[in-house]
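The values are calculated or read from the model by the stated rules, or taken from the named source; none is laboratory data. Please read all numbers here as calculations on a predicted model, not as lab measurements. So basically every Cβ, Gly included, is an ideal-geometry build from the backbone, and we count neighbours across all protein chains shown.
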Amino acid sequence: MKKANLFIFLLFPLFCLAQSTFKLKGKISDETASLPWENIIISTPEGKIIDGTTSKEDGTFEIRISKGFYKIKISPQGFINWEKDIAIEKDTDLGLILLTKKTNNLDGVVVTAHKKTIEQKIDRLVYTIENKASTTGGDALNAINTAPGVVVQNNAITILGKGSSHVMIDGRMLELSGEELNAFLKSISANDIKNIEIINNPPAKYDANGTGGLIDINLKKGRRDSWKNTSTLSYDQNKYGIYTLRNNFFYNKNKFRFSVSANAKSGYRNSDENLHLYFPDGLQHMNAQSKINEENLSAKLALDYDISERTTIGFQYLNDRSNPNFKSDIIIKNYDTENKLNSTVLNDGFNNRNSGNQTYNAHLLTKLDTLNRKLSVDFDYFNYDSKFDRDFTTKKYSANMDFISLDQYGRNISNQNIDNRSIKADMEHPLEFVNLSYGAKVSFTKSKSSLLSYDNMSGTPIIDLNQSNEFEYEENNQAVYVSGNKKINEQFTVQLGLRAENTQTDGFSANLNQKIKNNYFKLFPTLYLTYKANENNSFNFNYGKRINRPRYDLLNPFRTYINSNSYSEGNPFLKPSFSNNFELSHSYKEILRTSIFVNSITDGYGVIFTSDPATNTQVVTRENYYKGINYGIGESYTADLTEWWSTENTLYVLGSKTIFTSGINARPTNGLQLDFSTSNTFSIGKATKLQLDYTYSSPVKSGLYTVGYMSGLTIALKQNLFKKNMQIAFLANDIFNTAYLKDFVSVVNGIKQVYSQNESSRFFKVSLIYNFGNTKINVKQRDFGNEEEKRRLAK
């Protein structure tokens with residue numbers, strides 16, 4: 001009954017009586033011909049956009065609007081803007097609107113317009129990668145890593161000072177994280193990305209999950225009355241080689257829009273890991289060399305159809321399959337207190353992995369009336385499955401490499417399946433005094449994991465019931481939100497939001513015969529305030545409360561062996577953490593941007609690398625073990641220094657104050673970190689671009705860990721051919737091989753651990769991109785005040 005009342009509330013505007021409307025029409029032309037496909041924007045005398053339309057092929061247009069006073073504006077490219085104030089009291093014909101072409105006396109001068117690379121909006125930062133040579137032929141993960149204030153490392157995508165971030169595609173959340181998320185993003189071509197939105201404090205419209213904010217990847221859309229095909233072939237050379245082939249097709253005609261893309265990848269990358277464990281009886285050094293398969297096949301299908309001028313329905317399907325098998329050769333050397341080699345352990349294993357995910361989406365967008373009230377509804381289904389089969393042997397040798405014993409010979413088979421179903425409805429409801437939006441979402445998630453552990457020491461596989469387990473987990477969430485945006489005057493704009501989420505979780509471990517249930521209801525307020533002091537200076541303040549729910553695999557209590565001396569286990573009692581996030585920023589001429597932020601975290605959880613000195617074993621666990629504050633100040637400078645040189649630069653000073661709240665035998669460390677990046681693009685003629693990028697992150701102490709420095713120099717070259725129909729790009733990434741995790745140190749139970757990992761950070765890439773299609777009929781798309789929300793539709 002409650003759900004029925006909720007949807008009646010959401011759909012109520014459908015049954016409201018529409019106001020009386022009148023017809024407004026006219027025809028747009030210049031001195032020689034009619035002008036089709038021009039935008040006609042209708043706003044209030046104060047400048048608030050009410051509605052709009054587009055002129056037809058013969059230059060005529062027609063629209064119905066309510067009685068009132070309006071400003072009619074036409075801003076065609078290459079012509080002087082046309083504006084008129086008008087009172088609508090009856091059907092009105094504006095007649096022939098004659099536009100005048102812009103003229104100038106700069107003979108022989110070519111003026112080239114560049115899109116803004118970075119644009120600050122009230123609740124997000126919009127980053128455009130169109131001119132980036134380093135992303136040409138690359139993928140979405142590579143593109144995200146170039147965004148200001150965003151770092152990709154160790155399978156985590158992080159907004160600096162915020163923590164791990166969730167990722168959306170065209171406003172739709174990806175129910176993936178870690179290695180699986182990175183693999184999926186690698187299947188998306190960077191050439192298909194329109195822009196990347198960095199949302200530090202997401203508005204009430206979005207799920208409150210995730211302390212690290214959101215990153216929304218908006219893909220390019222096909223132009224009206226045209227079709228286009230883009231094919232990309234690239235080759236990466238690290239220690240091994242990787243081939244990638246992508247093809248994307250767009251078709252857009254009349255009421256129908258269609259796109260399909262496919263991605264295939266094959267090859268290998270190398271992973272080099274080192275771990276030093278300083279036990280009381282001597283050092284233990286582990287080195288792991290892995291050859292990881294980059295086999296991947298993915299596809300995307302999107303359909304949209306305009307049922308009427310006001311209503312659009314659509315469907316999307318994504319399928320991503322990967323087979324990241326890898327063979328690991330692990331060498332563990334044990335030393336005594338005098339640093340003399342005692343023994344060597346060889347751990348050989350082959351990991352047969354298969355994983356994939358499928359996403360289905362059906363959506364509807366309808367414009368209810370001329371007051372610009374809009375209702376959108378989304379139905380989503382997501383499925384993820386993975387299979388992990390690991391064979392391994394552990395042999396012990398003396399210091400002289402004489403065989404001593406076979407310590408382990410076993411096999412682990414683990415499977416995981418995640419299903420997520422959700423439905424949400426969003427309403428845009430402009431009022432005279434505020435732009436109101438509200439909506440609701442219900443989500444149902446089921447996760448099932450299993451592990452079968454076999455001992456092969458006898459020659460016959462024997463199942464080890466103590467190490468085998470099944471874990472089932474369900475999570476249901478119901479949410480409602482309301483948000484209001486108000487332009488108080490020409491200087492102040494404010495946006496307030498409130499989201500309420502009710503969550504029920506239910507976990508069951510078969511091996512432990514244990515059930516874990518949790519129910520909680522939480523409120524998540526948001527606030528955004530923009531002050532435009534003058535044409536050159538603007539200020540922005542935002543606040544948001546967030547929740548960070550543990551990933552499903554972190555809740556699974558069963559034990560997985562990494563090698564004979566190290567294993568990992570989940571924690572079904574992990575609780576979500578909460579954060580309060582504050583940010584104040586200043587923008588000068590949209591060139592120089594300064595931001596100051598503070599984030600407080602309670603019930604923080606994370607990975608703890610614990611060591612047992614009695615058995616010389618490393619245990620990887622997860623716990624809610626800290627609370628703390630992250631803070632920092634960031635500076636970004638983006639400018640076209642000359643006609644041929646553009647630059648993007650960021651400098652962040654970050655700090656933290658962490659307090660341990662659980663009984664782990666460790667002491668927190670706190671300090672400051674410096675993060676710097678610069679990206680410089682040089683235009684060498686009309687068709688060639690050279691890009692030089694450099695990043696540096698200083699050593700840092702934060703909470704349980706200290707991390708060493710990282711830096712990287714990247715050079716990219718892009719050449720346009722055949723009027724930009726073909727592009728060739730060359731990329732040399734991390735030339736000096738210094739942009740990898742090093743000196744990752746923690747001390748627990750008095751045992752110091754030092755870890756490093758390099759997964760083919762240095763590589764060379766060559767890419768070839770070819771575009772063809774019918775792009776002669778370029779139809780301009782309407783761009784009104786709510787266009788930001790319309791990115792939810794894949795057109």
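Of the residues Leu375, Leu364, Leu368, which is modelled with pLDDT under 90 and farther than 30 Å from Ile292 by Cα? Criteria check complete, one pass: Leu368.
Listed here are the residues, each with its yes/no results for (1) in the same structural domain as Ser600 (by TED's automatic domain parsing); (2) more than 29 Å from Ser595 (Cβ to Cβ); (3) modelled with pLDDT of 90 or more; (4) among the aliphatic types (A, V, I, L, M).
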residue: Leu654; (1), (2), (3), (4): yes, no, yes, yes
residue: Ile659; (1), (2), (3), (4): yes, no, yes, yes
residue: Ile664; (1), (2), (3), (4): yes, yes, no, yes
residue: Leu674; (1), (2), (3), (4): yes, no, yes, yes
residue: Ser679; (1), (2), (3), (4): yes, no, yes, no
residue: Gly685; (1), (2), (3), (4): yes, yes, no, no
residue: Leu692; (1), (2), (3), (4): yes, no, yes, yes
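Every test in (1) crowded, with 19+ Cβ neighbours inside 10 Å; (2) modelled with pLDDT of 90 or more; (3) hydroxyl-bearing (Ser, Thr, Tyr) is passed by Tyr278 save one, and that test is (1).
Could you check the stretch 742-761 and list, in sequence order, the residues that are loosely packed, with under 15 Cβ neighbours inside 10 Å and among the small types (Gly, Ala, Ser)? Within the stretch 742-761, just Gly750 meets the criteria. Give the residues of the stretch 655-682 that are among the hydroxyl-bearing types (Ser, Thr, Tyr) and crowded, with 17+ Cβ neighbours inside 10 Å, sorted by residue number. Matches in the stretch 655-682: Ser656, Thr658, Thr669, Ser677, Ser679, Thr681.
Cβ-Cβ contacts under 8 Å between residues 6 or more apart (or on different chains), taken from a first residue in the stretch 176-200 that is surrounded by fewer than 24 Cβ atoms within 10 Å (Cβ to Cβ) to a second residue that is aromatic (Phe, Trp, Tyr) and not in a strand (DSSP E or B), are listed as Leu176/Phe184; Ile199/Tyr206. Summed over the stretch 341-369, residues that are farther than 30 Å from Ile418 by Cβ and aliphatic (A, V, I, L, M) total 4.
Phe249 satisfies every condition listed in (1) crowded, with 18+ Cβ neighbours inside 10 Å; (2) in a strand (DSSP E or B) except (1). The single condition from (1) out of contact with any helix residue (DSSP H, G or I) (no Cβ under 9 Å at 6 or more places or on another chain); (2) not in a strand (DSSP E or B) that Glu583 fails is (2). Pro203 meets all of the listed conditions (1) at pLDDT 85 or above; (2) assigned to a strand (DSSP E or B); (3) not polar (S, T, N, Q) but one, namely (2). Of the residues making up the stretch 390-406, not a single one is under 21 Å from Glu501 (Cα atoms) and surrounded by 15 or more Cβ atoms within 10 Å (Cβ to Cβ). What are the residues in the stretch 454-487 that are at pLDDT below 90 and out of contact with any Phe, Trp or Tyr (no Cβ under 8 Å at 6 or more places or on another chain), if any? Scanning the stretch 454-487 gives Tyr454, Ser458, Gly459, Thr460, Leu465, Asn466, Glu470, Lys487.
When the residues of the stretch 481-534 are filtered to those that are without any contact (Cβ under 8 Å) to a residue 12 or more places away in the chain and over 21 Å from Arg593 (Cβ atoms), the one that is farthest from the chain's Cα centre (by Cα) is Asn513.
If you go through the stretch 123-172 and keep only what is at pLDDT 80 or above, more than 30 Å from Leu529 (Cα to Cα) and in contact with an Asp or Glu (Cβ under 8 Å, 6 or more places away or on another chain), you end up with nothing. Where strands (runs of 3 or more DSSP E) fall entirely within the stretch 706-753, none has at least 3 residues that are among the β-branched types (Val, Ile, Thr) and out of contact with any Lys or Arg (no Cβ under 8 Å at 6 or more places or on another chain). Residues that are of a type in the set (Asp, Glu), closer than 16 Å to Leu219 by Cα and part of a loop (DSSP other than H, G, I, E, B) within the stretch 120-179 comprise Glu130, Asp170, listed in sequence order. Residues of the stretch 762-778 that are surrounded by 19 or more Cβ atoms within 10 Å (Cβ to Cβ) and either β-branched (Val, Ile, Thr) or free of Cβ contacts under 8 Å to residues at least 60 places away in the same chain (or both): Ile769 alone. Would you confirm whether any residue within the stretch 670-686 is of a type in the set (S, T, N, Q), closer than 25 Å to Tyr625 by Cβ and not in a strand (DSSP E or B)? Looking for residues that are of a type in the set (S, T, N, Q), closer than 25 Å to Tyr625 by Cβ and not in a strand (DSSP E or B), one finds none in the stretch 670-686, hence no.
The residue that is farthest from Ser422 (Cα to Cα), among those in the stretch 197-213 that are over 14 Å from the mean Cα position of the chain (by Cα) and among the aliphatic types (A, V, I, L, M), is Ala204. Note on the stretch 733-785: residues that are more than 30 Å from the chain's Cα centre (by Cα), of a type in the set (D, E, K, R) and at pLDDT 90 or above total 1. Checked against (1) under 30 Å from Asn737 (Cα atoms); (2) under 27 Å from the mean Cα position of the chain (by Cα); (3) surrounded by fewer than 17 Cβ atoms within 10 Å (Cβ to Cβ), Asn287 meets all criteria but (2). Kindly establish whether Thr460 is among the β-branched types (Val, Ile, Thr) and surrounded by 15 or more Cβ atoms within 10 Å (Cβ to Cβ). The answer is no for Thr460.
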